[in-house]
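As structure tokens, the structure follows; a few thoughts come after it.
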Amino acid sequence: MSYRSSVEILTEWDIVAARQLGRNEAKEVGFGTVDQARITTAISELARNIYLYAGKGKIEIERISEGGKYGITIIASDEGPGIPDVRKVMEDGFSTSGGLGAGMPGVKRLMDTFKIDTVVGEGTVIKATKWIR
Amino acid sequence: MNLRIPILKLNDCLIVSIQWELDDQTALQFQEDLLTKLHETSARGVVIDLTPIDFIDSFIAKVLGDVISMSGLMGAKVVITGIQPAVAITLIELGIRLEDVMTALDLENGLEKLQRELEA
Ligand SMILES: Nc1ncnc2c1ncn2[C@@H]1O[C@H](COP(=O)(O)OP(=O)(O)OP(=O)(O)O)[C@@H](O)[C@H]1O
Ligand SMILES: [Mg+2]
């Protein structure tokens, strides 16, 4: 059984809503304060990327469990332009918007697993999971 | 919804205590307000206290970094105080190094540090 909640990302305010949802879920699942901050930050990065580069999309938070372990998966999906060179965007400092280019590589470090599916012209789906240690 | 962050003046310093989660607009408004206030008051130092802040993402980090550089251009020194352990850890994992940024544990220490810097 898994429980999913979601926030549509349409405006800047939805970024705030998504990270608040994430923090609440992380707290309820039982993550400590540092992991709560990691999860909140990761959601903020993914939600802002959706808002900036795809215009709109969705952040879903899934509670997961496996063999007595509990965790959270963040699913960030959009039907935006897609990412032509995934390797590039995973490099620290790469940005097409004058940002720090810290978002994508940062999310990968903040979470335990990170998976990106993207097709140019169709959109992007990013899944990132954190387990309670 | 768009509350502004209050900026207080104490002698030749400005004091900012960020009390709630920053959305993008509030962060950008703060940047502008602080620079305007620096210009109006000719303050030489700024303490930004982040004690209640429980996460900082790359956008807020960029705004903070920019505020510090811009204040420097205007001749003011900035001290950041009250960074929580979880915030420090996530900032480093994000790959953000607030290098050359003066920091202190809390507002009181921050003000002392700033005074020493300004007297030096
Ligand atoms: N959902 C997305 N759709 C299309 N392109 C994306 C998406 N997410 C990220 N990108 C591309 O990947 C690049 C790197 O993203 P990343 O979040 O690492 O940095 P940034 O957003 O440019 O800056 P920062 O996040 O540090 O403010 C972006 O500049 C953008 O070109
Ligand atoms: Mg980004």
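FYI, it's all coordinate maths here, none of it is from the lab. Model, not experiment: these values are computed from the prediction. Using ideal geometry, Cβ is built from the backbone for each residue, glycine included, and neighbour counts are taken over all protein chains shown.
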Note to self: Anything in region A:34-76 that is surrounded by fewer than 17 Cβ atoms within 10 Å (Cβ to Cβ) and farther than 19 Å from residue A:9 by Cβ? List them, or say none.
What the structure shows: A:34, A:65, A:66, A:67, A:68, A:69, A:70
Next item on the list: Having 1 or more residues that are without any contact (Cβ under 8 Å) to a residue 24 or more places away in the chain and within 30 Å of residue A:32 (Cβ to Cβ) is the bar; report the helices (runs of 4 or more DSSP H) wholly within region B:18-120 that clear it.
Entry: B:58-73, B:85-94, B:107-119
Item checked: Whichever residue in region B:38-71 is touching a strand residue (DSSP E or B) at 6+ places or on another chain (Cβ under 9 Å) and of a type in the set (D, E, K, R) and, among such residues, is farthest from ligand 2 (Cβ to nearest atom) -> B:44
Checklist line | Residues (over 15 Å from the mean Cα position of the chain (by Cα), of a type outside the set (Val, Ile, Thr) and surrounded by 19 or more Cβ atoms within 10 Å (Cβ to Cβ)) located in region B:92-120 | finding: B:93, B:94
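Taking the criterion of being closer than 24 Å to residue B:105 by Cβ, touching a helix residue (DSSP H, G or I) at 6+ places or on another chain (Cβ under 7 Å) and in contact (Cβ under 8 Å) with a residue 40 or more places away in the chain, would at least one residue in region B:3-11 satisfy it? So that I can check it myself, show each step before the final result.
Taking region B:3-11 and keeping what is closer than 24 Å to residue B:105 by Cβ, we get B:5-11.
The next check asks that each one be touching a helix residue (DSSP H, G or I) at 6+ places or on another chain (Cβ under 7 Å); those that pass are B:5, B:7, B:9.
With in contact (Cβ under 8 Å) with a residue 40 or more places away in the chain added as a condition, the list becomes none.
No; the residues of region B:3-11 include none that is closer than 24 Å to residue B:105 by Cβ, touching a helix residue (DSSP H, G or I) at 6+ places or on another chain (Cβ under 7 Å) and in contact (Cβ under 8 Å) with a residue 40 or more places away in the chain.
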Checklist line | Considering residues of region A:89-107 that are at the interface with chain B (Cβ under 7 Å from one of its Cβ atoms) and touching a Gly at 6+ places or on another chain (Cβ under 9 Å) only, the residue surrounded by the most Cβ atoms within 10 Å (Cβ to Cβ) | finding: A:106
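Within region A:50-65, identify whether any single residue is within 11 Å of chain B (Cβ to nearest Cβ) and part of a helix (DSSP H, G or I), and answer yes or no. Show your work before the answer.
As a first pass, look at region A:50-65 and keep what is within 11 Å of chain B (Cβ to nearest Cβ): A:51-52.
Next cut, part of a helix (DSSP H, G or I) only: A:51-52.
Yes; the residues of region A:50-65 include at least one that is within 11 Å of chain B (Cβ to nearest Cβ) and part of a helix (DSSP H, G or I).
Give the residue, chosen from A:17, A:26, that is buried (at least 22 other Cβ atoms within 10 Å of the Cβ), part of a helix (DSSP H, G or I) and within 13 Å of chain B (Cβ to nearest Cβ). Outline the logic, then answer.
Values: A:17 fails: buried (at least 22 other Cβ atoms within 10 Å of the Cβ).
The conditions single out A:26.
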Notebook entry, point to check: Restricting attention to region B:65-102, which residues are over 20 Å from residue A:109 (Cα atoms) and within 11 Å of another protein chain (Cβ to nearest Cβ)?
Noted result: B:65, B:66
Next item on the list: Enumerate the pairs (first residue in region A:32-47 and more than 7 Å from chain B (Cβ to nearest Cβ); second residue anywhere and of a type in the set (Phe, Trp, Tyr)) with beta-carbon separation below 7 Å, excluding pairs fewer than 6 apart on the same chain, so at least 6 apart or on different chains.
Entry: A:39/A:31
